[in-house]
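Below is one structure, written out as structure tokens; the observations come after it.
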Amino acid sequence: MANQDCIFCKIVAGEIPSDKVFQDEWVTAFRDINPLAPTHILIIPNNHLTSTNDLTPYHAAMAGRMLTVVPELAAKEGIVESGYRLIMNTGPDGNQVVMHMHLHLLGGHRMKHAMG
Ligand code: DGP
């Protein structure tokens, strides 16, 4: 189900341009418009979910695919051995800006540890 006002739903549908790197029946992955690392890919569910707060057991297959696509993308980006970070922001205190659930895949250089 798409949300008509959602920019990421429009990216899934191909209604606005993006640098897509992967798409299947569950998820779409595309390069972040404002990359914070040499590899900065966003992995999102094709159907609109606002955030992790919307997840239910019904979403298990999709949520699993969001994670299992990671090693495939990391291999294509050449960052399996060097490593990467996965980040999901939820809500105002989590710095979520786009209200369509998304997983950031960041790699390509050593990142500062954000948790102290
Ligand atoms: P956040 O909600 O803070 O977890 O991050 C949202 C990310 O989405 C941010 O890094 C920039 C990215 N972004 C926002 N709008 C677009 C867009 O139209 N295209 C692409 N490719 N990325 C976008």
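The values are calculated or read from the model by the stated rules, or taken from the named source; none is laboratory data. Computed from a predicted model, the values in this text were never measured in an experiment. Note that each Cβ is placed from the backbone with ideal geometry, even for glycine, and that neighbours are counted across all protein chains shown. Side chains are part of the model used for accessible areas, which takes the heavy atoms of the whole protein and leaves out ligands, DNA and RNA. Shrake-Rupley method; radii C 1.70, N 1.55, O 1.52, S 1.80 Å.
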Open item on the list: So, in region 9-38, exactly how many residues are open to solvent by less than 20 Å² (accessible area, probe 1.4 Å) and either assigned to a loop (DSSP other than H, G, I, E, B) or of a type in the set (S, T, Y) (or both)?
Closed with: 2
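Results for (1) on the phi < 0 side of the Ramachandran plot; (2) among the hydroxyl-bearing types (S, T, Y); (3) within 15 Å of the ligand (Cβ to nearest atom), shown as yes or no for each residue.
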{"residue": "C9", "(1), (2), (3)": "yes, no, yes"}
{"residue": "T50", "(1), (2), (3)": "yes, yes, yes"}
{"residue": "R65", "(1), (2), (3)": "yes, no, no"}
{"residue": "L86", "(1), (2), (3)": "yes, no, yes"}
{"residue": "N95", "(1), (2), (3)": "no, no, yes"}
{"residue": "K112", "(1), (2), (3)": "yes, no, no"}
TODO: Count, please, the residues in region 72-116 that happen to be open to solvent by less than 90 Å² (accessible area, probe 1.4 Å) and over 15 Å from T39 (Cα atoms).
DONE: 12
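With the structure loaded, tell me whether V12 is β-branched (V, I, T) and out of contact with any Ser or Thr (no Cβ under 9 Å at 6 or more places or on another chain) or whether it fails that test.
Values: β-branched (V, I, T): yes; out of contact with any Ser or Thr (no Cβ under 9 Å at 6 or more places or on another chain): no.
So V12 fails the test.
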